[in-house]
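Novice: Okay, here's the structure, questions in a sec.
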Amino acid sequence: MGRVKVGLEVYAEEEFKDVRGGSVAIVANQSSMTPQFTHIIDEARVKGKCKVKRVLTPEHGFKLVDACEERDEEYDVELKSIYGESLKPNKTDLEDVDALMFDLQDVGVRWYTYISTLYHCIEACGEYSKPIIVLDRPNPLTGEIVEGAILKTQYKSPIGIAEIPVRYGLTIGELATYLNEKYNLKAEVKVVAMEGWNRSLWFDQTGLPWMYTSPNMPTHETTQVYVGTCLIEGTNISEGRGTAKPFQIIGAPWIKGKKLAEELNRVGLTGVGFRPVAFKPWRGKYAGKICSGVEIHITDRESFRPFLTGIQVISTVKRLYPDKFRWRKVKGGYWIDMLVGDDRVRRGIDEGGDPWSIVDELEGELIKYAYEKENYHIY
């Protein structure tokens, strides 16, 4: 099997034909590169003879260090954040360009904010009559499996922009067309498709190098557990931020890792095992304190269901430590509800419900989406 060719490579070979010699704004960060590690800014300037007016940056900024940047001297380009107070490009950002190009590596999970950035960019391009060119990249979790709850409208936010499942099984390019049509955003969307990708491929089967997409997404393996262990953010358990293995290790000072591992290994989850660990986060929850917990080891990623696993972990910790466990509240609401896009996980766990039953109820609603998304498949 040959290496997958990402949309950026394909468009560079076409010399950026739709915007060649013109002016562009680009949504990008430090991972917006070819597999030869040439950035889209340089590709657009050299291969497309484009004037890069500005780079619009998503969460974590251009260099993935959460810096407030106004210009990058190395690339000699203006930077403008479209995450935070301003969630989408404004008229000034787009009025002096021929098109907006979008090139971000997605992770295939609804609460990852890059897809909210995509939504708002499409929305802005519809409002200001500018085409948006989405350079496609692989969904690292394959394009076949869907998991989790469909987001309810009342939970729409930057971590849940659309009524899609947690794990939605589309590439960023396919999702762009889906969002534009589903929400009538009225933009001219062009997707530059990859070559050599198919829906069954995991990221490490593409032949592409993983360039971490945000500070807590260091490896492609991280994306596989993130579908479930990001739910830990909605509790007072550490999700492993501030360690070398964010989302792969979880715990707290009041957890007994050996006991938790034994309980989780006993419940019969497929494709996964749990090892007791101790860790000391350097930032985030329990920074500087020794935590005990578990490391999640994927043994068979095809049968592993991370969303169910995350709920099982939370349910087990709450059962073992009812006096210590807490749901995290943000602005008066439960963060877990915002992540899930539904309150049935929290309510089900509080009522002592079986995680399998909770998930079965939620995922019973995925059939319609699974058929609907096929209309947007490019591959």
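Novice: Show Thr219, Thr117 ordered by accessible area, largest first, where the area counts protein heavy atoms only and the probe is 1.4 Å.
Specialist: Working: Thr219 50, Thr117 5 Å².
If we order Thr219, Thr117 from most to least accessible, we get Thr219, Thr117.
Novice: Over the chain, what percent of the accessible surface lies on carbon and sulfur atoms, probe 1.4 Å? Can you show the working numbers first?
Specialist: Details: 7210 of 15070 Å².
That fraction is 48 percent.
Novice: Working with all protein chains in place, sort Cys68, Cys230 by solvent-accessible area computed with a 1.4 Å probe, largest first.
Specialist: On the way: Cys68 140, Cys230 0 Å².
Highest to lowest solvent-accessible surface, that is Cys68, Cys230.
Novice: Restricting to bridges with both residues inside the chain, how much of the DSSP beta-bridge set is antiparallel, in percent to the nearest 5? List each step's numbers first, then the result.
Specialist: Working: 23 of 42 bridges.
For the chain, the DSSP antiparallel bridge percentage is about 55.
Novice: How much length is gained if the chain between Lys17 and Tyr75 is pulled fully straight, taking 0.36 nm per residue apart and subtracting their Cα-Cα distance, in nm to one decimal? All intermediate terms of the calculation are to be shown ahead of the outcome.
Specialist: Details: separation 58, 0.36 × 58 = 20.88 nm, distance 2.23 nm.
Answer, rounded to one decimal: 18.6 nm.
Novice: Just to make sure I understand: if all protein chains stay in place, what is the order of Arg3, Arg54 by accessible area at 1.4 Å, largest first?
Specialist: Greatest to least solvent exposure: Arg3, Arg54.
Novice: Right, another one. When N is the residue count of segment 129-229, what does its C-alpha Rg come to as a fraction of 2.2 N^0.38 Å? Write out the running numbers ahead of the final one.
Specialist: Numbers: Rg = 14.5 Å, N = 101, 2.2 N^0.38 = 12.7 Å.
Relative to the rule-of-thumb radius for its length, segment 129-229 sits at 1.14.
Novice: Right, next: Under a point-charge model restricted to the Cβ atoms of Lys and Arg (+1) and Asp and Glu (-1), what is the dipole moment magnitude of segment 54-170 relative to its Cα centre, in debye to the nearest 20? Walk me through the numbers before you get to the answer.
Specialist: On the way: 12 positive and 22 negative charges, 129 e Å.
With only Lys, Arg, Asp and Glu charged at Cβ, the dipole is about 620 debye.
Novice: OK, next. Along the charge dipole of the chain, which of Gly353, Gly21, Leu79 sits closest to the positive end, that is, farthest toward it, with unit charges on the beta carbon of Lys, Arg, Asp and Glu (+1, +1, -1, -1)?
Specialist: It is Gly353, whose Cα lies furthest towards the positive end.
Novice: Compute the Kirkwood hydrodynamic radius of segment 278-324, taking the inverse of the mean of 1/r over all pairs of distinct Cα atoms, and give it in Å to one decimal. List each step's numbers first, then the result.
Specialist: On the way: mean 1/r = 0.0785 Å⁻¹.
When all Cα pairs of segment 278-324 are included, the Kirkwood radius is 12.7 Å.
Novice: Dipole magnitude of segment 134-268 about its Cα centre, charges +1 at Lys/Arg Cβ and -1 at Asp/Glu Cβ only, in debye to the nearest 20? Show your work: numbers first, answer last.
Specialist: Numbers: 14 positive and 14 negative charges, 89 e Å.
With Lys and Arg at +1 and Asp and Glu at -1, about 420 debye.
Novice: Compute the Rg to Rh ratio over segment 93-139 from the alpha carbon atoms, using the Kirkwood formula for Rh, and round to two decimal places. Don't jump to the answer; show the numbers that get you there.
Specialist: On the way: Rg = 11.4 Å, Rh = 11.4 Å.
Dividing the radius of gyration by the Kirkwood radius yields 1.00.
Novice: If you consider only alpha-carbon coordinates, what radius of gyration and Dmax does segment 41-119 have, in Å?
Specialist: My reading of the Cα-based Rg and Dmax gives 12.8, 36 Å.
Novice: Counting only heavy atoms of the protein chains, get the accessible area per residue of the chain (1.4 Å probe) and round it to a whole Å² value.
Specialist: On the way: 15070 Å² over 379 residues.
Heavy-atom accessible area per residue stands at 40 Å².
Novice: Among His120, Val109, Ile150, pick out the residue whose Cα is farthest towards the positive end of the charge dipole of segment 90-154, where Lys and Arg carry +1 and Asp and Glu carry -1 on C-beta, about the Cα centre.
Specialist: Farthest along the dipole direction, towards plus: Ile150.
Novice: Which entries in Lys17/Lys373; Lys63/Lys88; Lys256/Lys280; Lys259/Lys318; Lys156/Lys331 show an alpha-carbon gap greater than 21 Å?
Specialist: Details: Lys17/Lys373 29 Å; Lys63/Lys88 19 Å; Lys256/Lys280 14 Å; Lys259/Lys318 13 Å; Lys156/Lys331 15 Å.
Result: Lys17/Lys373 exceed 21 Å.
Novice: How compact is segment 180-259 by the rule of thumb for globular proteins, expressed as Cα Rg over 2.2 N^0.38 Å?
Specialist: Expressed relative to 2.2 N^0.38 Å, the Cα Rg reads 1.53.
Novice: Oh, and also: Note down the nm distance, to one decimal, between modelled labels 7 Å out along Cα→Cβ at Asn184 and at Asn236.
Specialist: For Asn184 paired with Asn236, the spin-label model returns 4.7 nm.
Novice: When the distances between all Cα atoms of segment 323-372 are binned every 10 Å from zero, what whole-number percent does each bin get?
Specialist: 22, 46, 26, 6, 0
Novice: Regarding segment 96-173, what is the average projected area of its C-alpha convex hull, in nm²?
Specialist: Details: hull surface 21.2 nm².
Mean shadow area of the hull around the Cα atoms is 5.3 nm².
Novice: Considering all alpha-carbon pairs of segment 190-325, what whole percent are spaced by more than 17 angstrom? Could you put the intermediate results ahead of the total?
Specialist: Details: 5505 of 9180 pairs.
Of all Cα-Cα pairs in segment 190-325, 60 percent lie more than 17 Å apart.
Novice: For the chain, with only Lys/Arg (+1) and Asp/Glu (-1) charged at the beta-carbon, what is the dipole magnitude about the Cα centre, in debye rounded to 20?
Specialist: Details: 50 positive and 55 negative charges, 282 e Å.
Using only the charged Cβ atoms, the result is roughly 1360 debye.
Novice: On each of the three principal axes of the Cα atoms of the chain, give max minus min coordinate, whole Å, ordered largest first.
Specialist: 63, 46, 44
Novice: Long-range amide H contacts for Arg71: which residues qualify at under 5 Å (H placed 1.01 Å from N, peptide plane, sequence gap of 5 or more or a different chain)?
Specialist: Under 5 Å from the amide H of Arg71 lie the amide H atoms of Leu79, each far enough along the sequence or on another chain.
Novice: Which of Val46, Cys68, Gln30 sits closest to the plus end of the dipole of segment 1-80, meaning its Cα is farthest towards the positive end, when Lys and Arg get +1 and Asp and Glu get -1 on the C-beta?
Specialist: Farthest towards the positive pole: Val46.
Novice: Regarding segment 287-379, what is the average projected area of its C-alpha convex hull, in nm²?
Specialist: 9.4
Novice: Working only with C-alpha atoms, what are the Rg and Dmax values of segment 255-337, expressed in angstrom?
Specialist: 13.9, 39
The values are calculated or read from the model by the stated rules, or taken from the named source; none is laboratory data. Bear in mind that the values here come from a model prediction, so they are computed numbers and not experimental data. A quick note on method: Cβ atoms are made from the backbone with ideal geometry, for glycine too, and the neighbour counts reach across all protein chains shown. Accessible surface areas use protein heavy atoms only, side chains included; no ligands, DNA or RNA. Shrake-Rupley method; radii C 1.70, N 1.55, O 1.52, S 1.80 Å.
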